[in-house]
Amino acid sequence: MGQAKFALSLLEKTAILPKLGGTLLLLTGLTIGFQKPYLFREQWYLSSIVVFFIILVIFAGLLPAGIKQQLMLLQQTQGDDLPDAYRLSRRRSAWLEAVANLAVFISILLMVFKP
């Protein structure tokens, strides 16, 4: 359980990086759109912005909240066994990570191929 606490505390400390980077990328994409307004009529551009916003919500909002919850659950636990509530929360976080990674892949495809 000590390793899980260490990993979660490290993730909690580095959670600011996706928030800053993702917000800057979203603002950059929107700035490019305002400089070239025709992009707002392109379906690939709008889809990319929406998908990236979903990624940002997951990586900057939902996952850090899950990390805090998991860390709190581990701090309340005595012994070396991981509690079931922690395992359930970790499964939810893993599912969110998978959705976000799929969204990143879709976003990259939209940006590269501009269908």
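The values are calculated or read from the model by the stated rules, or taken from the named source; none is laboratory data. Note that the coordinates shown come from a computational prediction; the quantities given were computed from them, not determined experimentally. Note: ideal-geometry Cβ built from the backbone for every residue, glycine included; neighbour counts use all protein chains shown.
What to note about this one:
- Condition met for VAL51 (touching a residue at least 24 places away in the same chain (Cβ under 8 Å) and of a type outside the set (S, T, N, Q)): yes
- Residue match in region 2-14 (condition: modelled with pLDDT of 90 or more, surrounded by 11 or more Cβ atoms within 10 Å (Cβ to Cβ), closer than 20 Å to VAL99 by Cβ and not charged (D, E, K, R)): no
- Exactly one residue out of LEU63, LEU39, LEU17 is out of contact with any helix residue (DSSP H, G or I) (no Cβ under 8 Å at 6 or more places or on another chain) and assigned to a helix (DSSP H, G or I): that is LEU17.
- Residues of region 72-98 classified as exposed (fewer than 14 other Cβ atoms within 10 Å of the Cβ) and either closer than 30 Å to TRP44 by Cβ or of a type in the set (Asp, Glu) (or both), total: 6
- Close pairs from region 12-29: first closer than 14 Å to ILE55 by Cα, partner among the small types (Gly, Ala, Ser), Cβ under 7 Å, at least 6 apart: PRO18/ALA60; LYS19/ALA60; GLY22/ALA60
- In this entry, GLN75 is excluded by the filter for residues that are touching a Phe, Trp or Tyr at 6+ places or on another chain (Cβ under 6 Å) and within 18 Å of LYS5 (Cβ to Cβ).
- Comparison of ALA65, ALA103, ALA85 shows that the only residue that is farther than 24 Å from THR23 by Cβ and either small (Gly, Ala, Ser) or in contact with a strand residue (DSSP E or B) (Cβ under 8 Å, 6 or more places away or on another chain) (or both) is ALA85.
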